[in-house]
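Please treat every number below as a calculation from the coordinates, not as lab data. As the structure is a prediction and not an experimental result, all values here were calculated from the model. Because the Cβ atoms are built from the backbone with ideal geometry, glycine has one as well, and the counts that use them run over all protein chains shown.
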Amino acid sequence: MSLPHVVIVGAGPAGLAAAERLVEAGGVTVTVLERMPSPARKFLLAGRGGLNLTHSEPLERFLAQFGGSVAPAVREAIARFPPQDLRAWADGLGEATFVGSSGRVFPKSFKASPLARAWLARLGAAGVRLETRTRWIGFAADGGLRVESGGEARTLAADATILALGGASWSRLGSDGAWAPILAEACVPVAPLAAMNAGVEIAWSAIFRERFAGTPLKRIAIGVGAPADGAGTSEAMITAHGLEGTGVYARSAEIGEALDAAGTVALRLDLRPDLAADALAARVAAALKGRTLTERLRRAGLAPAAIGLMREAGPLPAEPAALAARAKDCALDVAAMRPLERAISTRGGVRAEAIDDRFMLRARPGTFVAGEMLDWHAPTGGYLLQGCLATGRAAAEGVLDRLGRS
C-alpha cells in the first residue's frame with residue numbers, strides 16, 4: 001500500500017519547514033514545488049544582511065509583536081516552536097547562533113547559504129522531492145492540483161496540500177501574490193496584500209531632497225497621526241522618496257491602515273525626545289541673538305537635517321516656545337507607502353475565518369496554508385522568519401493529524 005502523498009507549493013522557509021516536519025514524522029511522501037529555478041531565494045537574500053533568524057526577548061514580548069487577523073494562530077504556532085527551538089534547529093544543521101547587542105539572533109557565520117545548503121541536503125536525504133520551475137495554477141476538478149512546467153499544464157494528485165507561496169514583496173524572488181485571485185475564486189476570504197516593513201513617501205521640497213537624502217535620523221520618536229508618546233527612541237533614514245528605516249518599518253502596519261481608512265496620515269516626529277519642550281525652548285532662547293534662526297537652532301542642539309524637517313512641516317515660527325513645539329511635534333504628511341515591490345514583507349492574505357485551528361482551508365478540506373500567505377504581520381528583527389518556520393511546521397502537523405499520522 002502506497003504512502004499518502006503530500007504536495008507543498010513553495011520552497012521558501014515555511015514550505016521547507018513543513019516538509020521537514022512531515023519527514024520527521026514519517027509515513028508520508030513529500031513533493032515540494034517551486035516556480036523559480038532554485039529554492040529559498042528570499043531566505044538567501046535575507047542572509048546578505050546577516051540573516052536575523054529570531055529574537056532573544058521574553059516569549060510574551062516576542063508574541064506581542066504579531067498583528068493581523070491570523071496573529072492568534074501564529075502566536076500559538078510559535079509557542080509550540082519558540083525561538084529557542086529555532087536556535088537548536090540551526091545548531092543541528094551545523095550553524096551555531098549568537099545573540100547580538102540588540103537582542104537579535106544570528107548564525108555565527110552571518111550567512112544564509114551554509115544553513116540553506118545543510119537544510120536542503122537533509123531534506124533530500126530524507127526523501128523530499130523538489131520540483132523547480134513548476135508553477136501552481138489552480139485546483140483540479142478531481143481535487144488535485146493544476147501545475148505548469150516547461151510550458152505544459154498537468155494535474156498532480158495529492159492526499160493533502162500545503163500552500164506556502166509567500167506574500168507579494170520581492171516578486172523577482174518568487175513571491176508574486178498570483179495565488180490571491182485563485183483562492184478568491186475558490187471562495188477563500190483574502191485580505192488585500194499591501195506593503196509591510198516598508199518606507200513612506202513624503203513630498204519633500206527639491207532643496208531638502210538634494211541636501212538631505214541619505215541622511216540618518218538618530219534617536220528620534222515617531223507618532224502616527226498623533227504626537228510621539230516618548231516611550232523610547234528609534235531611527236530612520238531620509239531618502240529621495242521619503243523616510244525608511246527600522247523606526248518607520250515598525251509602524252508600517254499602522255501607517256498603512258491609516259492610509260487605507262482615510263487616504264492620508266501624518267508622521268509626528270519628536271526630534272529631541274531626550275528634552276522636554278520647555279528645556280528645549282530655553283536652549284533656543286539662550287542662543288546668542290543676532291545670529292540666523294538656523295544657527296540658533298543648531299546651537300540649541302538640533303542637527304541640520306532636523307532643522308530641515310522642521311522647515312518641511314511649514315514656515316518656522318520666531319518664538320522659542322513655538323520652535324521647541326515644532327521640534328517636539330514635527331508633522332509630515334505621508335502621501336503613500338513605498339510600492340509593494342520595495343517592501344520587505346506584506347500584510348494581508350488568507351484571513352483567519354478562512355482556516356481552522358490546524359491551518360486548513362475551510363473551503364478546501366485537505367489544503368493547508370502557511371507562512372506569509374496568511375494575514376499576519378510583524379516588524380523586522382527576527383519575527384518574520386520565526387513566524388514562517390513556526391506556521392510551516394504547524395500546517396504540517398495539521399496534515400499529519402488529518403492523515404492519521406500524528
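List of remarks:
- The Cα atoms of the range 239-294 define a convex hull whose projected area, averaged across directions, is 6.2 nm².
- Placing +1 on the Cβ of every Lys and Arg and -1 on the Cβ of every Asp and Glu, with nothing else charged, gives the range 17-82 a dipole about its Cα centre of roughly 260 debye.
- Whole-number Å³ per residue for the convex hull built on Cα positions in the range 1-152: 149
- Computed over the alpha carbons of the range 2-72, Rg followed by Dmax gives 15.6, 45 Å.
- Put the Cα centre of the range 15-32 next to the Cα centre of the range 65-123 and the gap is 18 Å.
- Cα gyration tensor category, rounded, prolate or oblate, for the range 307-406 with a/c compared to 1.5: prolate
- Per residue of the chain, the DSSP helices (runs of n ≥ 4 H) give a summed -39500 (n - 2.57) that works out to -10000 deg cm²/dmol at 222 nm.
- Simple Cβ-charge dipole of the range 200-337, Lys/Arg +1 and Asp/Glu -1, about Cα centre, in debye nearest 20: 840
- Partners for LYS289 among aspartates and glutamates (Cα-Cα distance below 17 Å; same-chain residues under 8 apart left out): GLU319
- A straight Cα-to-Cα reach below 21 Å connects LYS218 with the lysines LYS328, residues fewer than 8 places away in its own chain not being considered.
- Residues MET310, MET237 in ascending order of nearby Cβ atoms (within 10 Å, fewest first): MET237, MET310.
- Convex hull volume of the C-alpha atoms in the chain, normalised per residue: 146 Å³.
- Those lysines that a straight Cα-Cα span of less than 27 Å connects to LYS111, excepting residues fewer than 8 apart in one chain: LYS42
- When you restrict to C-alpha pairs under 8 Å that are six or more residues apart and normalise by the size of the chain, the relative contact order lands at 25 percent.
- The Cα trace of the range 200-337 gives Rg and Dmax of 14.6, 47 Å, the first to one decimal, the second as a whole number.
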